[in-house]
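Written out below as structure tokens is the structure these notes cover.
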Amino acid sequence: MQALLLTSCFVAALLVSLALKYWLATRQMRHVARHRDAVPAAFAATIALAAHQKAADYTLAKGRFGLLSTGFGAAVLLGWTLLGGLDALNVGVRDALQPRWGDMAYQLALLAAFALIGGLLDAPFELWSTFRIEQRFGFNRMTWKLYLADTLKGILVGVIVGLPIAALILWIMGAAGSLWWLWAWGAWMGFNLLILVLYPTVIAPLFNKFEPLADRSLEARVQALMTRCGFTAKGLFVMDGSRRSAHANAYFTGFGAAKRVVFFDTLLSKLTPSEVEAVLAHELGHFKHKHVLKRIVAMFAISLAGFALLGWMSSQAWFYTGLGVEPNVAAANDALALLLFMLVTPVFGFFISPVLANLSRRHEFEADAYACAQASGADLAAALLKLHEDNAATLTPDPVYVKFYYSHPPASERLAAMRHGVGAAA
Ligand SMILES: [Zn+2]
């Protein structure tokens, strides 16, 4: 009975979310196509028609591709769950390994096999996106050699970082009694904090080169801005983002007052020093308003709820049978429960994504306002337009699509908010 209820809820959520995704995507594509022929009046003086049309074509190409990969993703999800894919994989791996090597080896092998198959299924889409779509619009700088090297390094990092944490969580699930989910949550949070520290210093350098910023005048400018805003920079670095993509970015990492600032080389080549300063001031605004901390706290709370839910459901037989998997009788079910949970929760999580996107857009307005106070608003506006143009981001998105998906407000709204002062915007 409960199993049937779970199956129906899952199928209903999947169908509704699919319908919603298709409706939103076609709205966005129609809206962009309809506005392809003219640059919006507010941008007529700054954006050329050719750039505007390139942005429209890029948005349409990504939109069509998105429809295809959304459909494929749903088919794969059904394949894993109700159509019996995960059940078959589980039986195969379990019968081959568990009797001889025990629960832990079997469960780790199941997770690894699942990750491997999932990666292989995703690979064609990733390749098409990088070597076809990004290539066609002049963004891709990735070579096949680099792609293979990245894939191998990614697998290696996955094994070195992923296997130990998976083993720890599985061990806690098996050994810590009925409150295991609380302990597992603690371990997961500790792991996330560790990654926050290790990522910039150990993992990111495996994939990119980081060199100290050589431009002395820009360094002086950035240091002055940081001091003015009450931050100390632990180091200013330039990252060779251009190795893979022409898209530009800048970010901060680090704890407390000492921040590591990373500029993509693509950003430095496109923006003037004062525009770089304004972009940085925007990023500092995120820290000043504690957006980063709020995001981490929110992630902690959401994962606690997730682990509590998993703690309850993983002990119910209907959780497995309702999603197309026969629970093991003589072996541990923990890896199976983790996989099912990771597969199915995003279907339901999709419905709260507009709430999170809305919060994120509010944060962007706050960071913009901070940047306008600490640096030049005109420079921030100019940088924003340049980045929009360089990334071929559309200036005419569909308003409903924006509400659902956009983590950043559309350029028109951000520029208007900067012109009119802050309060009006948020
Ligand atoms: Zn931002």
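The values are calculated or read from the model by the stated rules, or taken from the named source; none is laboratory data. Since the structure is predicted, the reported quantities are computational estimates derived from the model, not experimental observations. Quick reminder, even Gly has a Cβ in these numbers, built from the backbone with ideal geometry, and neighbours come from all protein chains shown. Just so you know, the surface numbers come from the protein's heavy atoms only, side chains and all, with ligands and any DNA or RNA stripped out. Shrake-Rupley method; radii C 1.70, N 1.55, O 1.52, S 1.80 Å.
A few remarks follow.
- FRET E, pair CYS9, SER217, Förster distance 60 Å, beta-carbon r, rounded to 0.05: 0.50
- Only Cα pairs under 8 Å and 6+ residues apart enter the sum, and on that basis the relative contact order of the stretch 1-149 stands at 18 percent.
- Accessible area of the chain belonging to carbon and sulfur atoms, whole % at 1.4 Å probe: 68 percent
- Within the chain, all pairs of alpha-carbon atoms sorted by distance into 20 Å bins from zero give the percentages 21, 54, 24, 1.
- For the chain, calculated [θ]222 nm from helices alone, where every DSSP H run of n ≥ 4 adds -39500 (n - 2.57): -22500 deg cm²/dmol
- C-alpha long axis of helix 273-288 to longest principal axis of the chain, angle in °: 40 degrees
- The stretch 276-354-the stretch 1-80 distance, computed between alpha-carbon centres (Å): 23 Å
- The stretch 214-306: C-alpha gyration tensor shape, a/c 1.5 cut-off, then a/b vs b/c: oblate
- Relative contact order (percent, whole number), the stretch 234-349, Cα cutoff 8 Å, 6+ residue spacing: 16 percent
- Gyration tensor (alpha-carbon) shape descriptor, the stretch 160-259, a/c threshold 1.5: prolate
- Kirkwood-Stokes translational diffusion coefficient of the stretch 1-80, alpha-carbon pairs, 25 °C, 0.890 mPa s, µm²/s: 163 µm²/s
- Rounded to whole Å, sorted largest first: equivalent-ellipsoid semi-axes of the stretch 135-212, Cα gyration tensor: 35, 15, 11
- Cα centroid separation, the stretch 368-421 to the stretch 189-217 (Å): 27 Å
- For HIS289, the accessible surface of its heavy atoms amounts to roughly 70 Å² (probe 1.4 Å, protein chains only, rounded to the nearest 10).
- Label reach from ASN208 (point 7 Å along Cα→C-beta): in the stretch 258-277, amide nitrogens under 12 Å belong to 261-268.
- The simple Förster model, with R0 at 35 Å and r as the Cβ-Cβ distance, assigns VAL400 and TYR147 a FRET efficiency of 0.45.
- DSSP-defined antiparallel bridges as percent of all bridges, the chain, nearest 5: 55 percent
- Along the stretch 308-313 the Karplus relation, 6.51 cos²θ - 1.76 cosθ + 1.60 evaluated at θ = phi - 60°, assigns HN-Hα couplings of 5, 4, 5, x, 6, 5 Hz to successive residues, with x for each Gly and Pro.
- The H on the amide N of VAL238, modeled in the peptide plane, is under 5 Å from the matching H of GLU211, LEU213, PHE263, each at least 5 residues off or on a different chain.
- The value of relative contact order for the chain, using C-alpha pairs under 8 Å at least six residues apart, is 24 percent.
- In nm, spacing of pseudo-spin labels at ILE133 and ARG64 (7 Å Cα→C-beta vector): 1.2 nm
- Gyration tensor (alpha-carbon) shape descriptor, the stretch 68-222, a/c threshold 1.5: oblate
- Scoring 348-357, 376-385 by mean Cβ neighbours within 10 Å over their residues and listing the highest first yields 376-385, 348-357.
- Distribution of pairwise C-alpha distances over the stretch 317-426, 10 Å bins, in %: 12, 31, 20, 13, 13, 9, 1
- Per residue, the solvent-accessible area of the chain (1.4 Å probe, heavy atoms of protein chains only, all protein chains present) comes to 50 Å².
- Derived scalar couplings ³J(HN,Hα) [the stretch 20-25; Karplus, 6.51 cos²θ - 1.76 cosθ + 1.60; whole Hz; x for Gly, Pro]: 5, 4, 5, 4, 5, 5
- The alpha carbons of the stretch 106-149 give a radius of gyration and a Dmax of 14.0, 45 Å, in that order.
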